[in-house]
Every structure is written in structure tokens, then in C-alpha cells.
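Undergrad: Just dropping this structure here.
The values are calculated or read from the model by the stated rules, or taken from the named source; none is laboratory data. From a predicted model like this one, the values you see are computed outputs, not experimental measurements. Here Cβ is always computed from backbone atoms with ideal geometry, including for glycine, and neighbour counts include all displayed protein chains. To get the accessible areas, we keep the full protein, side chains included, count just its heavy atoms, and leave off ligands, DNA and RNA. Shrake-Rupley method; radii C 1.70, N 1.55, O 1.52, S 1.80 Å.
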Amino acid sequence: MISVIPDILDFKAVALLRSELRSLRFTDGAATAGKFGQSVKKNSQLEQGPQAQKIQQTILNAVLASLEFEMVARPLIVRTPLVARYEPGMAYGSHVDNAVMSGRPPIRSDMSFTLFLEDPEKYDGGELVIESTYGEQEIKLPAGALVLYPTSALHRVAEVTRGQRLVAVSWVQSMIRDPAQRELLHELDTARRSLFDQHGKTTEFDTITKTFHNLLRMWAEV
Ligand code: NI
């Protein structure tokens with residue numbers, strides 16, 4: 001399932017991040033690609049340092065504060081996001097991300113996300129293209145919006161032909177390994193919350209809530 005979550009960052013927050021990023025150094029992104037990805041990865045990445053860390057933490061906090069993110073991803077571990085920049089001529093060809101990401105602790109990458117930091121009118125190209133059973137999905141979102149997609153999918157970033165594409169990307173190990181189970185929990189959770197909003201804490205709400213938690217207990221790996 002591919003999920004879009006708008007408004008992870010509001011207009012002001014994203015503008016502030018962009019201005020902070022303008023004074024920082026970016027380095028060749030190919031350095032962090034694996035052997036097979038190196039030849040197709042043409043972007044630059046925010047160089048690590050105290051200021052970069054602060055920005056990445058701000059982004060991570062905003063993502064973790066989103067209820068919809070929690071409901072879609074059921075995150076166990078969310079890696080600190082990387083900030084990537086694509087200028088004209090830059091692209092990231094078709095690839096799959098590693099299933100296990102090294103680091104402390106290593107994580108199983110169940111879902112990837114891209115948080116868009118630049119207004120779509122400011123650049124041409126730069127769509128995130130995800131291959132799915134429904135065909136290719138092209139995604140280019142407003143600044144502050146995020147897309148979550150299964151890391152199992154082949155994906156690429158179309159060449160930027162004008163302006164710059166600025167994004168934060170990261171990976172999630174979910175408590176729910178199976179994407180179908182994760183989707184069922186998301187639907188059930190969405191339905192029970194809507195039921196509560198419409199009718200309050202009814203017997204039906206309590207029963208569905210009990211079922212939701214019991215399924216979560218049955219499936220969660222923590
Ligand atoms: Ni990737």
C-alpha cells in the first residue's frame with residue numbers, strides 16, 4: 001500500500017528548514033549507495049554535523065508526532081531521515097533499498113518514506129516513481145507532505161530538469177511485518193476512531209477496540 005500523509009510539517013516549519021539547509025554543505029549521494037545502486041544514484045546529501053543532526057531530529061520528531069503515520073506504519077524503529085537534494089540533471093535510477101539496514105541497531109526495512117521539502121511548482125521532474133501491481137505510481141507532493149511505501153518495491157526518482165528537489169528520506173521497521181496485516185489494522189483503527197467521533201464510546205466501539213488490540217497483540221513483534 002502507498003499512503004500519502006499531508007501536513008507533516010506546516011508551511012512555516014518547512015520554509016524555516018529550507019532556509020537552514022541553504023547554508024549547509026551537501027556531498028555526493030553515491031557515497032552511501034550500495035555496489036549496485038552507485039551507478040544510478042545521482043544526487044547530493046546533507047553532510048553530517050551538529051546543525052544537520054538538529055534538522056534531521058526536527059524532521060524525525062514531526063514524523064513521529066503524526067497519528068496517521070503511527071496508524072499506517074505501526075513503527076517499531078524509525079531511522080533518522082537523510083536530507084537529499086537533486087539539481088538539474090540529477091536522478092536516482094531504478095533500484096531496491098536494502099532489506100536490512102546496517103547501523104545500531106540494524107533494522108529490517110519494511111517501509112520507506114519520502115518527505116517533500118520543496119514546493120512542486122519550484123521544480124520540474126523529480127517525481128518519485130514506485131512500481132506496484134497497479135503499474136507505476138508517480139508521486140510529487142506539496143512541501144511538508146510525506147509518502148510511505150513498501151520498501152519491497154522497485155522505485156526511482158525521475159530526473160530533475162529545473163529548480164531543485166529537496167526531500168528527507170528514511171526507513172521504518174514496523175511492529176507488523178506483514179503488509180496485509182498492517183493494512184487491516186489501519187482500516188480497523190480508522191473505522192473505530194470514526195465510530196467514536198460519530199457516536200461516542202458505544203458497546204460497538206468497545207468491541208471493535210477490543211478486537212483491534214487483540215489483533216495487534218497477536219501480530220506485533222516488539
Ligand atoms: Ni531508494
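Undergrad: So the check is Cβ under 6 Å with 6+ separation or different chains; which pairs have a first residue in the range 143-162 that's of a type in the set (S, T, N, Q) and a second one that's at pLDDT 95 or above and open to solvent by 20 Å² or more (accessible area, probe 1.4 Å)?
TA: Close Cβ pairs (under 6 Å, with a partner that is at pLDDT 95 or above and open to solvent by 20 Å² or more (accessible area, probe 1.4 Å)) amount to T161/P88; T161/D124.
Undergrad: Restricting to the range 122-137, give me the number of residues that are modelled with pLDDT of 95 or more and away from the ligand (no atom under 16 Å from the Cβ).
TA: Result for the range 122-137: 4.
Undergrad: Does S132 satisfy being closer than 17 Å to E68 by Cα and either touching a Ser or Thr at 6+ places or on another chain (Cβ under 9 Å) or in the same structural domain as D7 (by TED's automatic domain parsing) (or both)?
TA: So S132 fails the test.
Undergrad: Could we say that D119 is at pLDDT 95 or above, buried (at least 16 other Cβ atoms within 10 Å of the Cβ), in the same structural domain as Q56 (by TED's automatic domain parsing) and touching a helix residue (DSSP H, G or I) at 6+ places or on another chain (Cβ under 8 Å) here?
TA: Judged against the criteria, D119 is not a match.
Undergrad: Give S112, S94 a once-over and let me know the one that is within 16 Å of the ligand (Cβ to nearest atom), hydroxyl-bearing (S, T, Y) and open to solvent by 10 Å² or more (accessible area, probe 1.4 Å).
TA: S94
Undergrad: Here's another thing I want to ask about it. Quick one: is V129 among the β-branched types (V, I, T), touching a Lys or Arg at 6+ places or on another chain (Cβ under 6 Å), touching a residue at least 12 places away in the same chain (Cβ under 8 Å) and surrounded by fewer than 22 Cβ atoms within 10 Å (Cβ to Cβ)?
TA: Here the answer is yes, as V129 does meet what is asked.
Undergrad: Also: Only one residue in R182, R165 is among the charged types (D, E, K, R) and within 16 Å of the ligand (Cβ to nearest atom), so which one is that?
TA: Unique residue meeting the criteria: R165.
Undergrad: If a residue must be surrounded by fewer than 18 Cβ atoms within 10 Å (Cβ to Cβ) and more than 15 Å from the ligand (Cβ to nearest atom), how many such residues does the range 141-158 contain?
TA: Counting residues in the range 141-158 that are surrounded by fewer than 18 Cβ atoms within 10 Å (Cβ to Cβ) and more than 15 Å from the ligand (Cβ to nearest atom) gives 1.
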